[in-house]
């Protein structure tokens with residue numbers, strides 16, 4: 001290797017060590033020493049790598065520390081007593097630094113690597129490398145799963161049973177998060193909301209700015225809680241309206257699709273079927289979602305009952321037919 | 001994961017170093033070519049980073065932390081002292097691995113009792129309860145289409161087209177299957193039009209493997225990420241919509257070309273698959289949306305509502 005003296009200038013005053021050299025040295029030093037080191041001790045050990053002026057030294061060290069933390073190095077601080085009273089010292093707990101306790105067999109590592117290919121994320125690739133895997137090959141079958149900055153923090157809090165705080169619709173929320181659910185392409189966090197003192201579901205992409213973990217506040221997740229059943233997958237059933245059945249006639253080839261969607265049991269046998277027309281009994285508790293579903297079927301469907309529901313659809317369509325100005329309140 | 005141009009950010013370099021060093025230490029050495037390939041880095045950058053890391057040490061520089069040298073395209077390490085174990089997983093990495101694993105278990109054809117499930121159990125033991133469910137509910141044809149992609153066989157499908165309102169039969173050669181915003185799609189060569197196109201799998205009403213091999217292609221078609229697949233459809237008409245707050249879900253649900261929001265209203269430029277699709281969307285939105293451009297569609301919603309009323313809701 002190149003002689004290390006190459007990296008220092010003749011006077012030895014200004015730092016000319018490359019940032020990578022300095023940061024890896026700092027990391028190795030903190031990993032090696034069992035006791036915490038003050039900045040004074042660090043700059044003495046790594047002399048010639050850090051600038052000598054107090055302000056420049058502090059600035060360079062803070063940048064390095066932030067960078068190490070950014071890549072995941074757990075640097076702990078402690079305030080010293082005794083003759084160094086008040087001074088801050090820094091240490092890295094090797095047990096916390098190292099990835100341990102995760103003995104994956106080769107087939108498990110490969111399976112995880114293939115899995116990362118099916119969602120393709122940069123953080124996933126970094127994780128695969130740490131586990132000893134190689135380059136993640138792209139896949140022909142995959143799911144585009146939204147990657148949101150709040151998700152890793154939420155999962156960490158869920159894993160450690162810690163309370164989180166965040167802003168949502170301009171209000172501060174405090175939540176014991178039970179789990180994350182991806183449904184119909186959106187991420188939801190479900191948990192106990194302190195402010196409302198009840199279970200709540202929040203869309204993660206609508207959380208304003210950052211999620212903070214309150215590490216001091218822990219909770220016990222309820223037993224028997226099922227994430228998948230936290231709320232219905234069908235938006236038509238996602239409301240507080242009384243549960244009702246709509247009679248919907250579907251025309252032409254679209255009937256086959258609707259039968260697949262609702263299941264064969266949804267065909268309303270009380271109405272005589274014809275080759276061109278099938279009537280379905282469609283449960284709903286959310287009339288807006290029902291209307292949206294119905295109109296998404298375009299001209300190939302019509303609600304035939306109950307009469308008040310049909311009348312409400314007619315009123316909606318008349319409002320649209322009257323044009324945008326008339327539709328305004 | 002592209003090789004970037006311009007100066008590489010320090011955190012990227014450091015992160016990569018901290019995964020490369022333990023790997024190298026464990027093996028005792030590797031060729032530059034192998035490392036560059038494995039860790040997706042140019043050989044030039046690799047040499048720079050390894051050499052700079054190798055300089056780290058405590059004065060008077062006899063006590064090197066990393067005993068490493070590069071000679072003739074080969075990296076060799078001496079007795080390893082530091083960086084022998086990889087750094088713990090960061091929160092984003094832990095999340096990405098668990099999420100990928102859960103997603104893969106929900107994909108068509110997943111082996112729920114195999115090595116992936118075991119790997120996830122082990123990850124969970126290290127990272128804490130995972131409590132993550134990915135509901136990637138698939139239309140019934142998805143699994144068979146995914147198999148056809150893997151086996152490069154063709155499928156006979158019946159596909160319902162919203163614009164014609166009819167179902168039609170066609171032979172397709174599926175090349176990629178993907179989920180986006182809660183819907184599943186198959187990219188396939190369509191024998192009817194002799195073109196590659198993207199089909200919504202929930203509109204496939206019937207499907208049957210033909211038993212024939214698809215025309216041999218050397219290239220694997222990768223499933224598109226993000227909005228890439230939609231952006232490529234640049235011959236689609238674009239509509240400018242003014243959305244009231246209650247209609248904002250459109251920009252969350254569908255890929256948009258651009259969005260601007262003022263105090264209340266949102267202006268969205270949306271590529272649309274067909275006039276029929278836009279018509280059905282406008283009927284759902286009702287008073288919560290207005291077409292700004294093109295002028296020809298400004299009265300599309302009102303016209304369509306009148307047609308639907310006349311066709312389906314006129315008094316007997």
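The values are calculated or read from the model by the stated rules, or taken from the named source; none is laboratory data. These figures come from a predicted structure and were not determined experimentally. All Cβ positions, glycine included, derive from the backbone under ideal geometry; neighbour counts span all protein chains shown.
If residue A:73 meets every condition in (1) in contact (Cβ under 8 Å) with a residue 40 or more places away in the chain; (2) closer than 21 Å to residue B:97 by Cβ; (3) part of a helix (DSSP H, G or I); (4) facing another protein chain (nearest Cβ under 7 Å) apart from one, which number is that one? For residue A:73, the exception is condition (3).
Quick check: anything in region B:85-92 part of a helix (DSSP H, G or I) and either modelled with pLDDT of 90 or more or surrounded by 14 or more Cβ atoms within 10 Å (Cβ to Cβ) (or both)? I'd like the intermediate steps shown before the answer.
Taking region B:85-92 as the starting set, the residues that turn out to be part of a helix (DSSP H, G or I) are B:91-92.
Narrowing further to those that are either modelled with pLDDT of 90 or more or surrounded by 14 or more Cβ atoms within 10 Å (Cβ to Cβ) (or both): B:91-92.
The answer is yes; a qualifying residue exists.
Just to be sure, is residue B:187 closer than 25 Å to residue A:225 by Cβ and either at the interface with chain A (Cβ under 7 Å from one of its Cβ atoms) or part of a strand (DSSP E or B) (or both)? When the stated conditions are applied, residue B:187 does not pass them.
The set of residues in region B:99-108 being outside any loop (DSSP other than H, G, I, E, B) and more than 7 Å from chain A (Cβ to nearest Cβ) consists of B:102, B:105.
Check whether at least one residue in region B:157-173 is in a helix (DSSP H, G or I) and at the interface with another protein chain (Cβ under 9 Å from one of its Cβ atoms), and report yes or no. Among the residues of region B:157-173, not one is in a helix (DSSP H, G or I) and at the interface with another protein chain (Cβ under 9 Å from one of its Cβ atoms), which makes the answer no.
What number of residues within region B:63-88 satisfy the criterion of being closer than 27 Å to residue B:32 by Cβ and within 7 Å of another protein chain (Cβ to nearest Cβ)? So that I can check it myself, show each step before the final result.
Going through region B:63-88, the residues closer than 27 Å to residue B:32 by Cβ turn out to be B:63-87.
From what is left, the residues that are within 7 Å of another protein chain (Cβ to nearest Cβ) are B:65, B:68-69, B:82, B:85-87.
Number satisfying all stated conditions: 7.
Considering region A:210-257, and only residues there that are in a helix (DSSP H, G or I) and more than 10 Å from chain B (Cβ to nearest Cβ), the residue that is nearest to the chain's Cα centre (by Cα) turns out to be A:235.
Scanning region A:115-139 for residues that are touching a helix residue (DSSP H, G or I) at 6+ places or on another chain (Cβ under 7 Å), within 7 Å of another protein chain (Cβ to nearest Cβ) and in a helix (DSSP H, G or I) yields A:115, A:116, A:123, A:124, A:125, A:126, A:127, A:129, A:130.
Can you work out which of the residues in region A:78-113 that are in contact with a helix residue (DSSP H, G or I) (Cβ under 9 Å, 6 or more places away or on another chain), away from chain B (no Cβ under 14 Å) and modelled with pLDDT of 90 or more is farthest from residue B:19 (Cα to Cα)? Going through the qualifying residues, I end up with A:88. All told, residue A:197 falls short of being surrounded by 16 or more Cβ atoms within 10 Å (Cβ to Cβ) and more than 9 Å from chain B (Cβ to nearest Cβ).
Taking region B:24-58 as the range and being within 17 Å of residue A:28 (Cβ to Cβ) and in a helix (DSSP H, G or I) as the test, the residues that pass are B:24, B:25, B:49, B:50, B:51, B:52, B:53, B:54. With respect to the conditions (1) farther than 27 Å from residue B:113 by Cα; (2) in a loop (DSSP other than H, G, I, E, B); (3) in contact (Cβ under 8 Å) with a residue 12 or more places away in the chain, residue A:167 lacks only one, and its number is (2).
Screening region B:23-36 for residues that are within 11 Å of chain A (Cβ to nearest Cβ) and modelled with pLDDT under 90 and picking the one that is surrounded by the fewest Cβ atoms within 10 Å (Cβ to Cβ) gives B:27. One residue stands out among those in region A:19-44 that are out of contact with any strand residue (DSSP E or B) (no Cβ under 6 Å at 6 or more places or on another chain) and surrounded by fewer than 17 Cβ atoms within 10 Å (Cβ to Cβ): the one that is nearest to residue B:67 (Cα to Cα), which is A:32.
Set side by side, the residues A:309, A:295 differ, and just one is buried (at least 18 other Cβ atoms within 10 Å of the Cβ), away from chain B (no Cβ under 11 Å) and touching a helix residue (DSSP H, G or I) at 6+ places or on another chain (Cβ under 9 Å), which is A:309.
Look through B:121, B:206, B:111, B:129 and report the one residue that is surrounded by fewer than 16 Cβ atoms within 10 Å (Cβ to Cβ), facing chain A (nearest Cβ under 10 Å), part of a helix (DSSP H, G or I) and more than 17 Å from the chain's Cα centre (by Cα).
B:121
Residues of region A:140-158 being at the interface with chain B (Cβ under 7 Å from one of its Cβ atoms) and either modelled with pLDDT under 90 or more than 19 Å from residue A:179 (Cβ to Cβ) (or both), which ones? Scanning region A:140-158 gives A:140, A:141, A:142, A:143, A:144, A:145.
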